[in-house]
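Structure record follows, encoded as structure tokens.
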Amino acid sequence: MKKFPPRSYPPSVYSLFEVIMNLRQIPLLTGLLLVALAGTAVAGNVFVLPPTGSPSTTVQGYTQQLLSMGGINPPAGVFQILSPPQGDKAIFIANNPLGPVSFASIVSGQLTGAVRTLTLDGRAATRAQVSPDGTRLYVIAGSQPGTLYTIDLITENVLATGTTVIGGTPRDFDISPDGRYAFVISGGVATSGLLTIVDLSTAAVEGQFGNIGIINNVSVSPTGRVFITGQFQLLEYSGAPPFQRLGFTQLISSPAKLSFSPNGRYMLAGNNLLNGRSIQVFDLNIPGQNNTGEPAAPAVISEAGIALPGTQDLLFPDQIIILSNTKALAYLQNAARIMELTYPTLTVVEASFPNIGTLSAVTSYAVSDEFPGPRNMYYLQGQLLHRYDLIQNNTGGAINVGPGSGGPALFAASSSAGPASEIFLYGSGQLVAPNSPLKPYAVRVVDPLGKPVLNAPVTFSATVPGVQLSATNVVTNRQGIAVVQVTSPPTNGEFVVRATSGAIVREFVSTVTGGTGGGPGDPGTIGPRILKVSGDGQLTQLFNGFTKPLIVRVVDGDDNPIPGVNVTWTFTDGVSSASDPNQITDANGESRFNWIPGGSIPGGQATLSYTMTANTEIGSASFVATAFPFLGGGFDSSPTAILLSPPQENRTITAKLGTPADGAVRVQVVTSGGQGVSAGLPIPNVGVRVYTVNVDTTLGPFARCEGTTALTGEDGIANCKVIATGRTGIADLIVDVGGEYRLFSGIRLTVTPGDPGKPVITQGNSQTGRTGQLLPLALAARITDEFGNVLTGTPVTWEVVTANTLLLEGTVAVADQNGLVSTRVRIGNVPGTHQIRLKAGAQEVLFDVIVESLVGGIAIVSGNNQTGIVINAPFPAPLTVRITDLAGAPVNNQVVSWALSSGSAQLSAATSTTNAAGNASINVVAGNSPGTITIRATVTGQPPVTFTLGSRLPGPVLNALSFRNAASNDPGIAPGTLIRISGAGLAPGITGERNANLLGGRLPLEYQGVRVEFTSNAGSAFAPIYQVANHNGAESILIQAPFELSGATASATVTVQGGNTTVSGIPILAASPGVLEDNFPNNRRAAVVIRSDGLVVTPETPARRGETLRMYAIGLGQTTPTADTNRVGQIDQFVRAAVAVGIDDAGVEVVSAKLAENLIGIYEIVFVVPQTATFGNDRPLGFVMEVNPGQPLYANGSIIAIGPQ
């Protein structure tokens, strides 16, 4: 018997066989499911930790479908498990200074190999995150000070520059969506709460904010907004330079980590204090309240307690799982229950799930990471880990985690490679001023299963001019998120920003509104806001019961009143409320507060000051007032008001319409003396306002102070910048000090015309004509200021927006006595809509002129449907169109526009001009991405025509020796054999391996863009594909050679993503036997053999003397009944050739040799171990076969373990 020496092959040769061999040890459907899952990106895995306090460190792993991945023993103290995007390893984070970070490989759905531990300078880990791009691991560890570590996920080592010192004891951190900045919060520092911002590109500290109180968590929203939750506060900080505190909301709670709703509108958090509330909802569109005067962070809009039926003890939600924009789940670890939350108006009930009802004794809980809500939830009851499908509302089975397990369950999510199936938007619907930055826009891209897509290209584009984008091409992070900063256009109205990924297009719509906010009230931002109408700065006698009411108005972004808003009036000591402080705005959006000044004025002080504030969910507005005492001892203590300007000798003011007249009215208010008080002391916070008797701006001038009311400063002086509106002319002005405490009259106000407003078109807009014609109507407009006053003599500028399209004639460029200007227009030879700009001062208006096209048609002449061109190569024929007029004659000198609609290509020009024959052409070069290319040719007034082209990749690099037996590595092919084809270019863009889905009992003929077609004497046939792999640049595909092969040689055409290579002269063998092997512990490689009890033969479970075994092989040729290509083995399909098996170089009894049932291309040889077999772990094993008598064919030699057990 010939010896069968063992051979050594690259690991890629065996990977799929390991999966196939495992199928023999588990039920068929489960095994096929394993292979099916291997053909897609890993979705994520579930890990179960040992119970708290258990001496065991074993972590059990399970796939998303609850198939066991085996157990592994990382260092003790694991509390967090992560996964890189490709899902090829598990990352264990532990509160253990000897093993804070460790790694374990995941191969073919199994935890494999030894645990690799990384120490961090003797520090225990506090929290970790995988970077948004999936290449780095960030860990905060240690205390006083702590450290942020940056770890390379390929080398599994800390980067040379990957340590950043963090003050205090780091407690939590989060990362900006673009991966640029980390936001780390620390406690245990002298500054009482510290935020440290780290530039992750340099590991340098970019900013620090101390003294921010007792802080719990930091959370970064999908759009990059940074929130810190802490005791009695919610803080917001900017997510990009310049870093600054943006908002502060005072709370009576201590919120934990924030969970964001899918639309980005709401944030949910548990309350650590459990003081009357267990959970709270924040609205990112509504500001909260504080008493510091700084801008507010988002407001709490709803809160609720969580308690079990029959009890009043509040429970903390250890996990909040967002299901949709209105539903969430809360897991209560102490109660071992799951609650259902409805929000934004919070209601809480115990969750009841279809088909399983309510759940109790839930000791651990986890969910998968689909969006907008998770698909699977996993819950542990006793030793059973259950899966429940939240989409289909049915159970997904359960698995026993075994004794010693049953601790926390954690879901480690990997990323999807796509394709994009949906885009979700964050940040649409904003109201913003012209030329102003918006809050960031963000998208989340998911695949058809709802998994976030990593590195999906997203293109942002604006549909109107003037919109500024921070980037137009962005790729998504591992959460599927891409962010762009947007600056609004200069003109009012809606504007659209499009987000495109693949074939999916979604639109952000926001609105520009004029101005920057509400005048005298807070907060001076665009959007809903609260304005002060009147009553500010009153000066009155103590206990006066006839003060003026304080009036606020709540309006939207277009200044429309908002009725029904809750208003709460608060006030300082001494104020008596003469009306209900809790009100609702009326139909005019207004709330009125009546008040009485009280309290006592301390000795030596002339006045008493008050502050009264109207508080709403939108914002607040504060009023000030001042009171002076009664007459005492015959001495009049009433303050003195002095009109400083205009001066007594010249009580006249001149103001330009719409332009504040600085210093026009100046008033000083001082004390008149009194008991213990000197005369002439300045009195601050006294209001000054002006008005004219006329209030109708259509009849004459109307005037007010800028901001409506000017307050005296510490010097007692108020500067009213007079703003005149309405008509020009002369009016009497009245100055009101302190809410009619003192009135000054006899002031003459002269109002002159304002700056030019937007010209008003009176004639000629949107006329239509043909080439060479003079439009019948002149373009005319009236020049006025913004209040309608005619500006005679104002110079203007007329200009054609697009040069050489229109000609201006007879232009009048100075406004006449009626304010009119005009011009005539002669049409050029470029069809389409053209514009003429009229500018007066800083204002302008556009006239449209429509030039009719003479074109009657556009048609493709040549160049269409060119395919098969290799990427980056020119297409041989130019693309040519012909333009004809309405009579069908060619049109000369007509501009044709060309644009790439889809695909990858470079055009020689964006436009071309027709020749005398009416033809226009461009040349095209294929881009660097293969596929279909569409190019559109357009002329104005006609529907475009589209050219369709095709490019491909260059074929893979192969020769006849690239085709080898997948087990023995012998060259050549044999009918039905599994063949490994190796060569560069077979698996571009693939890392690791992609295994085909066997659920349907057949293999694909095209997989991952790969197709293999063999041609021989019998014709051609496609090869079923098991696997496409790329291991560190070694590219290969695993196929079944078709049983239809015949003759001495064959040729094969291998197509990869459109590029193909044909190889001739591949030897066809009658058979090509090979023993399938597996890797066993201690780097031992041996044949895959199954004992009679179903166990795999290993040194621990060796083959026994006299035992009947099954060995798995490939390449044994045809069977009876006949075997077919791409068909699983049937019962008793016996090999036609003679087969002999040898152990220790001696023949043994062969029971049968046949196709393995339910597998493709795999054979099963059943044989008996001799009673005289020698014991040993590495006894020689092999087999030989004869298709033709006297021509033995030997399989690769292997080994088998034989022993007494």
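The values are calculated or read from the model by the stated rules, or taken from the named source; none is laboratory data. Quick caveat, the model's predicted, so the values are computed rather than measured. Don't worry about glycine lacking a Cβ; one is built from the backbone with ideal geometry, like all the others, and counts go over all protein chains shown.
Of everything in the stretch 100-118, what is at pLDDT below 95 and not in a strand (DSSP E or B)? Give them in sequence order.
Correct list: SER108, GLY109.
Taking strands (runs of 3 or more DSSP E) that do not extend beyond the stretch 180-273, which have at least 3 residues that are polar (S, T, N, Q) and either touching a His at 6+ places or on another chain (Cβ under 6 Å) or under 25 Å from GLY293 (Cα atoms) (or both)?
Correct list: 215-220.
Could you identify the single residue in THR977, THR940, THR932 that is at negative phi and without any contact (Cβ under 8 Å) to a residue 40 or more places away in the chain?
THR932
Testing GLU1013 on (1) out of contact with any Gly (no Cβ under 9 Å at 6 or more places or on another chain); (2) in a loop (DSSP other than H, G, I, E, B); (3) among the charged types (D, E, K, R), one condition comes back false. Which one is that?
Every listed condition holds for GLU1013 apart from (2).
So how many residues does the stretch 631-668 have that are part of a strand (DSSP E or B), at pLDDT 90 or above and over 22 Å from VAL722 (Cβ atoms)?
1
Only one of GLY310, GLY293, GLY288 is touching a residue at least 12 places away in the same chain (Cβ under 8 Å) and among the small types (Gly, Ala, Ser). Can you tell me which?
GLY288
Among (1) touching a Ser or Thr at 6+ places or on another chain (Cβ under 9 Å); (2) surrounded by fewer than 22 Cβ atoms within 10 Å (Cβ to Cβ), there is one condition ASP313 misses while meeting the rest; what is its number?
Result: ASP313 fails condition (1) only.
How many of the residues making up the stretch 523-579 are of a type in the set (D, E, K, R) and under 17 Å from SER620 (Cα atoms)?
Of the residues in that region, 6 qualify.
Could you check the stretch 324-353 and list, in sequence order, the residues that are assigned to a loop (DSSP other than H, G, I, E, B) and either at pLDDT 95 or above or within 26 Å of GLY406 (Cβ to Cβ) (or both)?
The answer is GLN333, ASN334, ALA335, ALA336, ALA351, SER352.
Is it the case that THR768 is hydroxyl-bearing (Ser, Thr, Tyr), free of Cβ contacts under 8 Å to residues at least 60 places away in the same chain and not assigned by TED's automatic domain parsing to the domain that holds LEU657?
Spelling it out, it is not the case that THR768 is hydroxyl-bearing (Ser, Thr, Tyr), free of Cβ contacts under 8 Å to residues at least 60 places away in the same chain and not assigned by TED's automatic domain parsing to the domain that holds LEU657.
From (1) surrounded by 15 or more Cβ atoms within 10 Å (Cβ to Cβ); (2) at positive phi, pick out the condition that doesn't hold for GLY1047.
(1)
Can you tell me which residue in the stretch 1177-1199 is surrounded by the most Cβ atoms within 10 Å (Cβ to Cβ), limited to those that are closer than 16 Å to VAL1150 by Cα and among the hydrophobic types (A, V, I, L, M, F, W, C)?
Checked the stretch 1177-1199; the qualifying residue surrounded by the most Cβ atoms within 10 Å (Cβ to Cβ) is ALA1195.
So in the stretch 301-358, with the set limited to residues that are touching a Pro at 6+ places or on another chain (Cβ under 7 Å) and small (Gly, Ala, Ser), which one is farthest from ASN393 (Cα to Cα)?
So, considering only residues that are touching a Pro at 6+ places or on another chain (Cβ under 7 Å) and small (Gly, Ala, Ser), the one farthest from ASN393 (Cα to Cα) is SER302.
Which residues, counting only those in the stretch 372-387, are buried (at least 21 other Cβ atoms within 10 Å of the Cβ) and among the hydrophobic types (A, V, I, L, M, F, W, C)?
MET377, LEU380, LEU385
Each row is one residue, and each column tells you yes or no for (1) closer than 20 Å to SER745 by Cβ; (2) of a type in the set (Ser, Thr, Tyr).
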| residue | (1), (2) |
| --- | --- |
| SER678 | no, yes |
| LEU681 | no, no |
| PRO684 | no, no |
| VAL690 | yes, no |
| THR708 | yes, yes |
| LEU711 | no, no |
| ILE717 | no, no |
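Under 8 Å by Cβ, and 6 or more places apart or on different chains, what pairs join a residue from the stretch 328-351 that is over 19 Å from SER364 (Cβ atoms) with one that is among the aromatic types (Phe, Trp, Tyr) and surrounded by 22 or more Cβ atoms within 10 Å (Cβ to Cβ)?
TYR343/TYR266; PRO344/TYR266
Report the residue count in the stretch 943-985 for those that are among the aliphatic types (A, V, I, L, M) and part of a strand (DSSP E or B).
Adding up the residues that qualify gives 6.
Taking the condition within 16 Å of ALA960 (Cα to Cα) and over 46 Å from the mean Cα position of the chain (by Cα), does LEU1095 pass?
The answer is no for LEU1095.
Select from the stretch 608-630 the residues that are of a type outside the set (A, V, I, L, M) and assigned to a loop (DSSP other than H, G, I, E, B) and write down the one among them that is modelled with the highest pLDDT.
Only one residue tops the list, namely PRO629.
So, in the stretch 441-473, of the ones that are hydrophobic (A, V, I, L, M, F, W, C) and in contact (Cβ under 8 Å) with a residue 60 or more places away in the chain, which residue ends up surrounded by the fewest Cβ atoms within 10 Å (Cβ to Cβ)?
LEU449
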